[in-house]
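The values are calculated or read from the model by the stated rules, or taken from the named source; none is laboratory data. These figures come from a predicted structure and were not determined experimentally. Cβ placement follows ideal geometry from the backbone for every residue including glycine, while neighbour counts extend to all protein chains displayed. Remember, those area values only see protein heavy atoms, side chains included, never the ligands or the DNA or RNA. Shrake-Rupley method; radii C 1.70, N 1.55, O 1.52, S 1.80 Å.
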Amino acid sequence: MRTRRSVRPVPALAGLLLAAALALTGCGGADDSAGSGADKAVSDAAGGQGAAGAGSGRGAEGAGGAKGSGATAPAALAPEHVIRTASLTVRVAEVPKALAEARTAAEDAGGHVGRETTGRDEEGHERTEVVLRVPGGSYDEVLAALSGTGELLERSTKAEDVTDQVVDVESRIASQRASVARVRELMERAERLTDVVTLEGELSSRQAELESLLARQASLEDRTALATITLTLTETPPPADGGDDDPGFTDALAGGWHAFVTMLRWLAVVLGAVLPFAAVAVLLVLGWTRLVRPRLPRRPVPAPVPVPSAPGPLPSARPAPQTARPDEHPEG
């Protein structure tokens, strides 16, 4: 028996070869395009890196220049929006002299004296409280100078950062000014009287709020530009050391005298408090006895009731005289 050959595999193989050739052609084109795109991307990246390198080089040069200039003149700037306050208590030998030195230190720094109060304590020692306003740049220098005017008893400082408040106020002022400008523009375009009246009221309220914000901004600027130092100068001497703590005769005598004087003082105070009431009571008694009582009707005095006398004792019988008997003889 003769076997029949199949002719179908030949066209199938030819189709497979054609498809493979087309696929290879397409892959080559895709590879070429991808290669050209990749080359372009690489060139662009290289150019960008070169530009970045040049920029970084320029930045490094600028930084180096800035660092070099900063190394020659370092700048230590204090924060701009900080409120500084301080309180000092200093014991001095002469208050007027120390006060003059404090004024000179504040004025030399570009500040001024805000408030001054002078008085004396119970023992006659002078005491002065003065408020100084100095620029923030000279705050530490003036504070050190004031601390050295005498014996420092107390010192307290405070720094409050108000940068957020300053920025918030500035932003609100800008918004409020724009709002006022818009209202004024609407007023110029308004034609009806009712609209004009309404816009005028709105403009007044917004202008008032704007003025309040401007006042707050000025206050913040003043408090941040000038530090506040409250200086208290006193002549009160320090307490003397007692040495021996055991009390002596003199101490006991002084204590007793002090207690006696204190008692007399309190008695005088009590007498002074009671005296007005006593005077009024005496006046009332005198008025009653001298003026009112004599005019009152007198009640009739009742007649005395006779009281019967008690019967006296009966007369006692006298004993009869005794007679001598005949058989009795007197003793002879």
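Taking each residue of the stretch 81-96 that is over 14 Å from THR224 (Cα atoms) and among the aliphatic types (A, V, I, L, M) and looking for partners that are open to solvent by less than 10 Å² (accessible area, probe 1.4 Å) and in a helix (DSSP H, G or I) with beta-carbon atoms closer than 8 Å, six or more apart or interchain, yields LEU88/LEU143; LEU88/LEU146; VAL90/ALA98; VAL90/LEU146; VAL92/ALA98. Taken over the stretch 136-151, the criterion of being part of a loop (DSSP other than H, G, I, E, B), of a type outside the set (S, T, N, Q) and crowded, with 16+ Cβ neighbours inside 10 Å is satisfied by GLY150 alone. For the condition among the acidic types (Asp, Glu), within 27 Å of the chain's Cα centre (by Cα) and farther than 30 Å from GLU202 by Cα, ASP164 does not qualify.
Against the conditions (1) open to solvent by 80 Å² or more (accessible area, probe 1.4 Å); (2) under 22 Å from GLU107 (Cα atoms); (3) in contact with a His (Cβ under 8 Å, 6 or more places away or on another chain), where does ARG133 fall short? Just the number, please. Unmet for ARG133, out of (1) open to solvent by 80 Å² or more (accessible area, probe 1.4 Å); (2) under 22 Å from GLU107 (Cα atoms); (3) in contact with a His (Cβ under 8 Å, 6 or more places away or on another chain): (1).
Residues in the stretch 210-232 that are closer than 29 Å to LEU88 by Cβ and among the acidic types (Asp, Glu): GLU221, ASP222. Among the candidates THR117, THR157, the residue that is assigned to a strand (DSSP E or B), modelled with pLDDT of 90 or more and closer than 18 Å to SER87 by Cα is uniquely THR157.
When only residues in the stretch 185-213 that are part of a helix (DSSP H, G or I) and of a type in the set (Lys, Arg) count, which is most open to solvent (accessible area, probe 1.4 Å)? Of everything passing the filter in the stretch 185-213, ARG189 is most open to solvent (accessible area, probe 1.4 Å). Kindly check whether there is at least one residue in the stretch 76-85 that is open to solvent by 60 Å² or more (accessible area, probe 1.4 Å), at pLDDT below 90 and either in a helix (DSSP H, G or I) or among the basic types (Lys, Arg) (or both). No; the residues of the stretch 76-85 include none that is open to solvent by 60 Å² or more (accessible area, probe 1.4 Å), at pLDDT below 90 and either in a helix (DSSP H, G or I) or among the basic types (Lys, Arg) (or both). Within the stretch 112-127, which residues are open to solvent by less than 60 Å² (accessible area, probe 1.4 Å), in contact (Cβ under 8 Å) with a residue 60 or more places away in the chain and under 24 Å from the mean Cα position of the chain (by Cα)? Result: GLY114, single match. Filter the stretch 98-111 down to residues that are loosely packed, with under 13 Cβ neighbours inside 10 Å and not β-branched (Val, Ile, Thr), then give me how many there are. Of the residues in the stretch 98-111, 1 are loosely packed, with under 13 Cβ neighbours inside 10 Å and not β-branched (Val, Ile, Thr). Among the residues of the stretch 152-184, those that are surrounded by 12 or more Cβ atoms within 10 Å (Cβ to Cβ), touching a strand residue (DSSP E or B) at 6+ places or on another chain (Cβ under 7 Å) and not hydrophobic (A, V, I, L, M, F, W, C) comprise ARG155, THR157, GLU160, ASP161. Number of residues in the stretch 119-134 that are in contact with a helix residue (DSSP H, G or I) (Cβ under 7 Å, 6 or more places away or on another chain) and farther than 15 Å from LEU233 by Cβ: the value is 1.
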